[in-house]
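The values are calculated or read from the model by the stated rules, or taken from the named source; none is laboratory data. Worth saying up front: this structure is predicted, and the values here are computed from it rather than measured. When we count neighbours, we look across all protein chains shown, and the Cβ atoms used for this are built from the backbone with ideal geometry, even at glycine.
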Amino acid sequence: KIRGRRYIRGWLVLVLLTAFFLAWIAYRLLLKPTWPNLFPIVGELIDLGEAASAFTLVFLWIGLWWRHHNPAEKPLRVKQVSVEKLYQLSPKNFEKYVATLFRQKGYIVALRG
């Protein structure tokens, strides 16, 4: 499982944003302020912002949940080889070594030789 500062900070930011959003919704529903209705456009923009915020928060929660339950694959570890050893490799072994390096960077590699 992923346990780094960025990971925990992501959860913290999302929890704080969700708490702020829920506090805002509670304020709007419980206190029923009249100031949003002073100008019709203000009320519409607030409703639009609330809908967009709700959609975004749901999307972020799903993404973070997905990331938590499906962590990225561990990168392949390749031993570093000196230049002399690279020259000593056969063409086939050199191709395998370079393919492993490219896979480590995220490329899809097909061996030809």
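Quickly run through the stretch 1-60 and pick out the residues that are in a loop (DSSP other than H, G, I, E, B) and in contact with a Pro (Cβ under 9 Å, 6 or more places away or on another chain).
Correct list: LYS1, ILE2.
Search the stretch 1-49 for residues being over 23 Å from the mean Cα position of the chain (by Cα), surrounded by 12 or more Cβ atoms within 10 Å (Cβ to Cβ) and not aliphatic (A, V, I, L, M), and hand back the single one that is modelled with the lowest pLDDT.
PRO36
Mind listing whichever residues of the stretch 94-113 are in a loop (DSSP other than H, G, I, E, B), of a type in the set (Lys, Arg) and either in contact with a His (Cβ under 7 Å, 6 or more places away or on another chain) or touching a residue at least 12 places away in the same chain (Cβ under 8 Å) (or both)?
ARG112
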